[in-house]
Structure formats: structure tokens, C-alpha cells
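Engineer: Just dropping this structure here.
The values are calculated or read from the model by the stated rules, or taken from the named source; none is laboratory data. Computed from a predicted structure; not experimentally measured. Reconstructed Cβ throughout: ideal geometry from the backbone, glycine too, with neighbour counts over all protein chains shown. Remember, those area values only see protein heavy atoms, side chains included, never the ligands or the DNA or RNA. Shrake-Rupley method; radii C 1.70, N 1.55, O 1.52, S 1.80 Å.
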Amino acid sequence: MAEAAASAAVVEEELTLTVRWSGKEYTVRVCGDDSVAELKRRICELTNVLPKRQKLLYPKLGNKISDDSVLLSQLPLKSSLKMTMIGTVEEEIIVDQVDSPEVIDDFELGKDEVVEIKDKEVNKQKLRRRIDQFKIELRNPCRKGKKLLVLDIDYTLFDHRSTAENPLELMRPYLHEFLTAVYAEYDIIIWSATRLKWIELKMGQLGVLNNPNYKITALLDHLAMITVQSDSRGNFDCKPLGLIWTQFPEFYSSKNTIMFDDLRRNFVMNPQNGLTIRPFKKAHSSRDSDQELVKLTQYLLAIAELDDLSSLDHKYWESYNEDNAKRRRHT
């Protein structure tokens, strides 16, 4: 019992680290149950150097600090420790040199493990800290009585790995028609695992941010994500909807929120609210046949009539569309 309490104390202990970069020193506050990836995320907040561009140097840590999944409690770190970061800020983003991270193959987590991850106290603590640290800035007001749609970008709305002279060539077909139709029933938040600058640039290039037919409520980036612990898959990042629900409880909850993402692990903290969209890749050859957003428009408008979305299994969204179509034919 005493050993478990001591371990918990180490995990919850806050560390104040000093990071040297480009002739300046930055103070970074983290906890023992944070991963190296989370440390890099905090450094990115201060320096604008993307986590994937950072190399952390500290003689006593050797190569361990190059593994993003390692927990800080597993490293010989002490408060006031000073380390050096090497990395450069990417000021220019162009279509054929995207600044978003490589997409790792998605993986399926068993139902029991998903429940365990969602309910694990250490992951709940990380969510509480993120809620305290990250304040959502609204681009447009939340609307009372509307449901909430949270959208990924890469491979969901945009093929970010193909190249083109014009980004519109990589936009998923029917994007504007989709957003216009669902805006009647849903507030829309875009949440991408990259930095805000890239999100604003890409969505601006696609004409999403100033479209007269719909409004985007907010943009969330990688700094709003948390790193969770999994027994079978180690540590990985995800998008906890609790961050949104806690900040806007009078508007959004698990009962009126749905999230689209091509990576199901991104909604592991709120599995009942996630719909795994088919990835949009190889835009030049697939854009003439891709109908995903047309079909999902039908689904979103159909379920908007429900008071509570939390009882739905979005895995079977296509069957829901088919059943609705049959009922309409027989009435």
C-alpha cells in the first residue's frame, strides 16, 4: 500500500524544467505521468517548434529522451533540470510540403481495453490538466439547441499527402455542400493533430473559414490533445471531447456530440461519440467516385432529430441510412 502511494506521488509530482533554445531559456511545467511527447508539446507552445522538429539533449538521459512514448517518471529528471532543444520553426507552409505529422496505421483496441483507457485515473488526470491549460477560443458563438460535429482534417476533409498546384484539387468532394447542409443542425469544430497555423492556412485555402453558407465555431490543434496509456499499444495521442464539454457545458455534452476521424484511436476517451470515416487518399484518382460526405450528410441530418446520440453505435451508420430509406419508401 505504501509503495503504491509513493508511486502515485511520483506520477502526480509536478516538475519545472528549463529548456535552452536559440539563446533563450524557457520554463516548462510537466508531471511525472506525462510522456516525452507531452513535454515536446509544452515546449512547442512556448517556442513554436513542432514536436517532430525537436531534438532534446541532456547527457544523463542518453537516447531515452528520443522515445516520445517514455513517461517522464521513468527518467532521472529533477525540478530545475536544464536541457537543450535543437529545432527550427517552420514559417512557410506550401501545398507539396505539408507540415502535418505522418499518419501511423490505425489500430483496433478491444472494447474492454477502450473502457479501461477511458476510465483509468491517470488518463482522467491528464484530461483535467489539459482542461486547465488549454482554453478554446471561439471564432463564432455556440448556438443553443444545436448539436456538435467535430471534424478531423487529414484524410477526412483533405488528402494531405498527395501533391497539387492548387489545394482545391486535394479537397474531399462535396465538402462545402456537406458543411452547408449540416450547419443547419450542428455547430462545427475542426480538430487536427497539427499546429494551428497549418489549420488556419489549409482551411483558409479551401474556403472553409469565411464561407457565407456556414460558420466554424472553433479550431483546435495538437496542443489540445492528450497522451494516454494503453497496456497493449503503449502511449498514444487522442482527442478528448471532455475538453469541449467542460468549457461549454450549457451547449455540448456526450448526448449531442459526434466526431469524425479516420483514426479511431483519436476518440478512445469518448468511443461512443466517434465515427470512423473512410480515409480520402489519392485524390486525383478517387475524387470522381468519393461519395462519403454525401452519405454522411444524410446520416447527420437523420440523427439530428434524436434527443440523445449517446445510445447510437456509429459503426453502423450506413445501415441506419438504409433503414431510414426503407421507412420513407413505405410511408
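Engineer: Considering only residues that are β-branched (Val, Ile, Thr) and at pLDDT 85 or above, which ones fall in segment 1-26?
Structural biologist: In the first step, residues of segment 1-26 are kept if they are β-branched (Val, Ile, Thr); the result is 10-11, 16, 18-19.
Selection gives Thr16, Thr18, Val19.
Engineer: Please go through segment 279-317 and pick out each residue that is within 16 Å of Arg264 (Cβ to Cβ), over 21 Å from the mean Cα position of the chain (by Cα) and open to solvent by less than 90 Å² (accessible area, probe 1.4 Å).
Structural biologist: Leu312, Trp317
Engineer: Is it true that Arg195 is closer than 22 Å to Lys52 by Cβ and among the charged types (D, E, K, R)? Talk me through it step by step, then tell me what you get.
Structural biologist: Numbers: closer than 22 Å to Lys52 by Cβ: yes; among the charged types (D, E, K, R): yes.
So Arg195 passes the test.
Engineer: Looking only at strands (runs of 3 or more DSSP E) that lie completely in segment 196-278, which have at least 1 residues being open to solvent by 10 Å² or more (accessible area, probe 1.4 Å) and at negative phi? Spell out how you get there, then give the answer.
Structural biologist: Numbers: elements: 218-220, 226-230, 234-238, 257-261, 274-276.
Correct list: 218-220, 226-230, 234-238, 274-276.
Engineer: Something else now. Taking the stated definitions as given, is Arg41 touching a residue at least 60 places away in the same chain (Cβ under 8 Å), assigned to a strand (DSSP E or B) and surrounded by 14 or more Cβ atoms within 10 Å (Cβ to Cβ)? Steps first, please.
Structural biologist: Numbers: touching a residue at least 60 places away in the same chain (Cβ under 8 Å): yes; assigned to a strand (DSSP E or B): no; surrounded by 14 or more Cβ atoms within 10 Å (Cβ to Cβ): yes.
The answer is no for Arg41.
Engineer: Further question on the same structure: Tell me the residue from Leu127, Leu148 that is surrounded by 14 or more Cβ atoms within 10 Å (Cβ to Cβ) and not in a helix (DSSP H, G or I), please. Before you say what the answer is, go through the steps one by one.
Structural biologist: Working: Leu127 fails: not in a helix (DSSP H, G or I).
Criteria check complete, one pass: Leu148.
Engineer: Can you tell me which residues in segment 248-273 are of a type in the set (S, T, N, Q) and within 21 Å of Ile153 (Cβ to Cβ)?
Structural biologist: Within segment 248-273, Thr257, Asn266, Asn270, Asn273 qualify.
Engineer: Test Tyr174 against the criterion of being touching a strand residue (DSSP E or B) at 6+ places or on another chain (Cβ under 6 Å), modelled with pLDDT of 90 or more, closer than 18 Å to Ile277 by Cβ and not β-branched (Val, Ile, Thr), and give yes or no.
Structural biologist: No.
Engineer: Oh, and also: If I filter segment 178-193 down to residues being in a loop (DSSP other than H, G, I, E, B) and touching a helix residue (DSSP H, G or I) at 6+ places or on another chain (Cβ under 6 Å), which single residue comes out as least open to solvent (accessible area, probe 1.4 Å)?
Structural biologist: Step one: list which residues in segment 178-193 are in a loop (DSSP other than H, G, I, E, B), which gives 183-185, 192-193.
Now restrict to residues that are touching a helix residue (DSSP H, G or I) at 6+ places or on another chain (Cβ under 6 Å): 192-193.
Details: Ser192: 1, Ala193: 38 Å².
Out of the qualifying residues, it is Ser192.
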